Amino acid sequence: MKKNSMVLLLIISISVFAEDGYRLWLRYDKINDTKILNDYNTNIKGIFLDSESDIIKSAQTELMNGLNGLLGKKIDLQKSISQDGIVVAAKINSPLLSAIRLDEKAKSIGKEGFIITSTKLNGKKIILIAANEDAGILYGSFHFLRILQTHTSIQNLDIVSSPKIKLRLLNHWDNLDGTIERGYAGFSFWDWHRLPDYISPRYTDYARADASIGINGVSLTNVNANSYILRHEYLLKVKALADIFRRYGIKVYLTARFSSPIEIGGLKTADPLDDNVKQWWNKKAEEIFKLIPDFGGFLVKANSEGQPGPQAYGRNHADGANMLADAVKPFGGVVMWRAFVYDNNVNEDRAKQAFNEFKPLDGKFRDNVLVQVKNGAIDFQPREPFHPLFGAMPKTPLMIEFQLTQEYTGQATQLVYLAPMYKECLDSDTYTKGDGSSVSRVIDGSLDNHSLSGIAGVANTGADRNWTGHLFGQSNWFAFGRLAWNYDLSSEQIADEWIRMTFSNEKYVIEPIKKIMMDSRENCVNYMTPLGLHHLMGWDHHYGPEPWTSGKAREDWMPKYYHRADSIGLGSNRSPSGSNATSQYSKKAGDIFASLDQCPEKYLLWFHHVPWNYKMKSGSTLWNELVNHYYKGVDDERKSLATWNSLEGKIDQEEFEHVKMLMGIQVKEAVWWRNACLLYFQTFSKMPIPGNYEQPDHTLEYYKSLQFPYAPGILKTIH
Ligand code: BDP
């Protein structure tokens, strides 16, 4: 076959391929708006990269592929800037840019920020992507491509951008046997068995996706850790991944199982104050950094849900964290020590326990330790008030941990766009240093002057072709990265970008999808756990409603522990007349939550046990309001499905069908949640579901009989 006809065949076969989601938001198809395409084509003639390094090469490849695809023409790498329309990527201190004054901006963007500006060099009009370091150039290149993907004007570009938070990590809960704890998108794509010799192309695509949204760290292994990962043969596998990720500005981190010195080191103890134990970790750190000089450090879950930790030796969390911190300190590593701790044998509200354990340790951690705190005090529920530790440990850099994998928000079956949830927490005012002490200012270090800052998202990826199981899971990965870079972006803005990059720039596609996304989290709260309810899901797999369950395992894993329904009313009393968890917040925030009148109704049953006939702000009783929320959740979800159906023929058919089927299941699950919860709570309230609502089509007994022993994502070893 002649070369030309082969190319033609290739083009034809590409265009008939349905979209399977693999390309994520990095779809570089030719721009179909002629006006915009012409404008870009007039202004972009080639690219020129001033420096050479592995990261710059990644930027170059991305720019070439991106521009070739989007502009539908071959973009050449220039040897000099001899014409208008060159995209120039250069370091700010390069002699090439000596004539362009960028000093002030350079100072403000730090190590990872970038500038994109329309300017002139040697009398030629150029688009300059400039940064202090290579990583900034990579981020700037992705940003520039995003500008084109979203059909934004490239006239008079003047962008200065830098991340607000330093360490922006994904935490993978991937196990060495290929399973993923709370993973709903198939098996892990870390192919431990075939690493380090077999390098899947997926690793590079994963790194590209992360870098495109500014993620600069990846913790590879489950927080319920396996010490095996620290054995030399596994470290070689980790090194192979680190070598790829480095080209995208990403560092690798590992979870450190606290008992490793015993399990793989042959020691009798893991006591953090024991000299042999310290020695063992020092040597282990040395071994790791020898293989991976830019290794990020350790993420640790200790004395939590059965994980080993320093308390077994009468030591505290700071003793444990500091020992590891000392081991990685000489090499520039950090320790991320999780505050997700609670103990069923402690006679205290679970919501209070992390605060009680960690607050007294403020100021006791080494300067390379970050304490990683989940967004709320229980566990990634559809809605939680912010964790009381935020603002309460001013001497310690606190990281925030969000969950991308939808353990409690419909798993990979439901479309729930989580940016509004992340924003709600980040924007919350802790009032710890007066008005404006938002959670975001705690974690970016600005409130308490910390130079170290971090944010982590529990990854929702797996080996599924579309990475996240549900296509819209991709939007949560995307949103997490965008917010980690700049938490001031709005959820709408991020949704807008993602839709344009994933589906289309047509208004008739963007608007309906945006509406579906923006409504989705509130719908989920409404049909699962409205008005501050939480943890009503199946106790072990967390799939579906089971508010009735008790006695199956430890009490603090049972839904009844959280909803406290009785003949009088519903909700956990965490006010001063109850567990007094409200006292853990600053006075202002605590007083608001503690007051039945002032507590925002969205958190009402989180903080108060409220009588069934209590009069809500709307004038309805609590019971009727509850019914109303559950029904509204289902109704709005039905509307979202109808909106999606209106997109048929306007987007890729395979993607349309995929989402349509999943949204169909989502509506069914929403009805199941509503009916099961209301029928169950009705056994306490003894009040009717008003006749104007469609009545449950099954009995409570039916819902109680449903069982899901093979629901995905569960880790049998902790439960
Ligand atoms: C809970 C999960 C459990 C995790 C735990 C954690 O159910 O599987 O191990 O969080 O964050 O949400 O450590």
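When N counts the residues of segment 84-147, how does its alpha-carbon radius of gyration compare numerically with 2.2 N^0.38 Å, as a ratio?
1.01
When only DSSP loop residues count, what GluC sites (Glu not before Pro) in segment 292-397 have their Cβ near at most 15 other Cβ atoms within 10 Å?
348
With N denoting the number of residues in segment 75-119, provide Rg(C-alpha) divided by 2.2 N^0.38 Å, to two decimal places. All intermediate terms of the calculation are to be shown ahead of the outcome.
Details: Rg = 11.8 Å, N = 45, 2.2 N^0.38 = 9.3 Å.
With N residues counted in segment 75-119, Rg over 2.2 N^0.38 Å equals 1.26.
Using a Förster distance of 30 angstrom, determine the FRET efficiency expected from the C-beta separation of residue 18 and residue 93, and round it to 0.05.
Details: r = 47 Å, r/R0 = 1.57.
Using R0 = 30 Å, I get an efficiency of 0.05.
For residue 352, which lysines qualify as cross-link partners when the Cα separation must be under 24 Å and same-chain residues fewer than eight apart are set aside?
Within the straight-line limit of under 24 Å, residue 352 reaches these lysines: 301, 364, 374, 395, 423, 433, 552, 560, 587, 588, 602.
Stretch residue 347-residue 273 to full length: gain in nm at 0.36 nm per residue minus the Cα-Cα span? Show your work: numbers first, answer last.
On the way: separation 74, 0.36 × 74 = 26.64 nm, distance 2.85 nm.
Value of the extension gain: 23.8 nm.
Give me 173, 280 ranked fewest to most by other Cβ atoms within 10 Å of their Cβ, as a rough exposure proxy. Write out the running numbers ahead of the final one.
Numbers: 173 23, 280 20.
Arranged by neighbour count, lowest to highest, 173, 280 become 280, 173.
Using modelled backbone amide H atoms (1.01 Å from N, in-plane), which distant-in-sequence or interchain residues come within less than 5 Å of residue 111's amide H?
none
Can you give the calculated 222 nm mean residue ellipticity of the chain, where each DSSP H run of n ≥ 4 adds -39,500 (n - 2.57) and the sum is split over every residue, rounded to the nearest 500 deg cm²/dmol?
-12000 deg cm²/dmol
Could you put 607, 358, 331 in order, starting from the residue whose Cβ has the fewest other Cβ atoms within 10 Å?
Working: 607 27, 358 24, 331 16.
So the ranking, lowest neighbour count to highest, is 331, 358, 607.
List the residues, sorted by chain then number, that are 5 or more residues from residue 297 or on another chain and whose placed amide H is less than 5 Å from its amide H.
Residues meeting the amide H criterion: 254, 334.
Could you grab the relative contact order for segment 530-631? Cα pairs under 8 Å, six or more apart, rounded to a whole percent.
26
Residue by residue through segment 349-365, what is 3J(HN,Hα) from phi via Karplus (6.51 cos²θ - 1.76 cosθ + 1.60, θ = phi - 60°)? Round to whole Hz and write x for glycine and proline.
Listing the rounded values in order: 3, 3, 4, 9, 5, 5, 4, 4, 7, 8, 3, x, 8, 4, x, 9, 8 Hz.
At a Förster distance of 41 Å, what's the computed FRET efficiency of residue 243 paired with residue 553, Cβ-Cβ distance as r, to 0.05?
Details: r = 42 Å, r/R0 = 1.03.
Calculated transfer efficiency: 0.45.
Using the beta-carbon distance between residue 152 and residue 601 and R0 = 41 Å, what value does 1/(1 + (r/R0)^6) give for FRET efficiency, to the nearest 0.05?
With R0 = 41 Å, the Cβ-Cβ based efficiency is 0.55.
In what sequence do 323, 661, 421, 558 fall when counting other Cβ within 10 Å, fewest first?
The most exposed by this proxy come first: 661, 558, 323, 421.
Determine ³J(HN,Hα), in whole Hz, for all residues of segment 96-107 in sequence, where each value follows from phi through the Karplus function 6.51 cos²θ - 1.76 cosθ + 1.60 and θ = phi - 60°; x replaces Gly and Pro.
3, 9, 4, 7, 9, 7, 10, 3, 4, 4, 4, 4
Suppose each label sits 7 Å from its Cα in the direction of the beta carbon; what would the residue 61-residue 648 distance come out to in nanometres?
The answer from the label model is 4.1 nm.
What aspartates and glutamates could a cross-link reach from residue 166, if we take a straight Cα to Cα line under 20 Å and drop same-chain neighbours fewer than 8 places away?
Within reach: 112, 133, 134, 210, 294, 367, 401, 427, 444, 448, 488.
Work out, step by step, the length gained on full extension between residue 362 and residue 506: first 0.36 nm times the residue separation, then minus their alpha carbon distance; give nm to one decimal.
Result: 46.7 nm gained on full extension.
Could you give the distance between the Cα centres of segment 328-396 and segment 421-498, to the whole Å?
With segment 328-396 and segment 421-498 each reduced to a Cα centre, they are spaced 18 Å.
Return an integer: the convex hull volume of the alpha-carbon atoms of the chain, in Å³ per residue.
171
Once you have the Cα-Cα distance between residue 706 and residue 30, take 0.36 nm times their residue separation minus that, and quote the gain in nm to one decimal.
Length difference between fully extended and current span is 238.5 nm.
Taking a quarter of the surface of the convex hull around the Cα atoms of segment 569-719, what do you get in nm²?
The directionally averaged projection comes out at 13.5 nm².
Give or take rounding to whole Å, what are the principal axis extents of the alpha carbon atoms in segment 251-392, in descending order?
Taking the Cα atoms of segment 251-392, the three principal extents are 43, 32, 27 Å.
Just want to confirm a number: the relative contact order over segment 174-231, from Cα pairs under 8 angstrom separated by 6+ residues, in percent.
40
What number, in percent, do you get for the relative contact order of the chain if the mean sequence gap of Cα pairs under 8 Å and at least 6 apart is divided by its residue count?
12
Which of 567, 272, 59 sits farthest toward the positive end of the charge dipole of the chain, with +1 on the Cβ of Lys and Arg and -1 on the Cβ of Asp and Glu?
59
Bear in mind these aren't lab numbers, they're just calculated from the coordinates by the rules spelled out. Nothing here was measured: the structure is a model prediction, and the numbers come from that model. Methodologically, a virtual Cβ is constructed for each residue, glycine included, from the backbone with ideal geometry; neighbour enumeration extends over all protein chains shown.
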